[in-house]
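The next block holds one structure in the form of C-alpha cells; read it before the comments.
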Amino acid sequence: MIMALNAEPSTRRWLPSHVYATADDAFSRLEFLISCYSAPGHPQLGPYVLAIEHGAGGRLLGHVGFSPLGSEVEVSYAIAESARGRGYGVESLVHACHWIADAFAVARVLAVTASANVASRRTLERASFVHVQDEDMLFQGAKEAVSRYCWHAPINRSGA
C-alpha cells in the first residue's frame, strides 16, 4: 500500500520527499522510521510516524508523522486520494496531536504546508491549527511559498 500512496499525483506534487523509487527504498525508510521509536524515541529528537488505518478492516489510509523542527515538533500527514473528503485527515491530526501532547508532554505542534495547497490548509484549520504566517523557504526540495500553522495542547486535559 505504501507504494500505491507513493504513486498518487498529490503525493508526488505536495510531498515529493515521501516518494520512493522502489519498494526496497520504501522498506529501508520504514525500517529507519521504526528504529526511531526506541532510539531516540521522542519527536523532538527524531521522526515518529504513525499509520492511519481504517477501523473497519485495517486498510492503510495514510500517515501522521512528527519530527523535530529546530527546538519544536512539526507534524506532516498524508491521506490516500481514495479516502479523502471523509474527515480522516482532520480526525487523524486531532487524535495524533492530542496523543503526542499526552505521551511526550509536547505543548505545541507546528505544521508547514505549501501555501498553494488549499486542501491541506483547510484540513489544518479544521483540526484546530491556527495560521501563524506565510513565508518563502526551502520546502520539499524547492524554494516555495509556505504557510505555517500552530496547534496548542489544551491545558489540563485530564481535568485534574
Q: Can you tell me how much longer the chain between Ser128 and Ile155 gets when fully stretched, taken as 0.36 nm per residue apart minus their C-alpha distance, in nm with one decimal?
A: 8.3 nm
**Q.** Full-extension gain in nm, Asp136 to Glu91, via 0.36 nm per residue minus C-alpha separation
**A.** 13.3 nm
Q. Relative contact order of segment 23-160: what whole-number percent is it, with Cα pairs under 8 angstrom and at least 6 residues apart?
A. 16 percent
Q: Return the distance in nm (one decimal) between the two label points of a simple spin-label model at Lys143 and Ser38, each offset 7 Å from Cα along Cα→Cβ.
A: 4.4 nm
Q) FRET efficiency for Leu45 and Val118, Cβ-Cβ distance as r, R0 = 30 Å, nearest 0.05? A) 0.40
Q | Label point 7 Å beyond Cα of Ala21 along Cβ direction - residues of segment 129-148 with amide nitrogen under 18 Å | A | 141
Q) What spacing in nm lies between the two simple spin-label points modelled at Arg29 and Ala103, each 7 Å away from Cα in the Cβ direction? A) 2.0 nm
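Here, each number is a calculation from the coordinates, and none is a lab measurement. Predicted model only: the values in this text are computed from it and were never measured. Quick reminder, even Gly has a Cβ in these numbers, built from the backbone with ideal geometry, and neighbours come from all protein chains shown.
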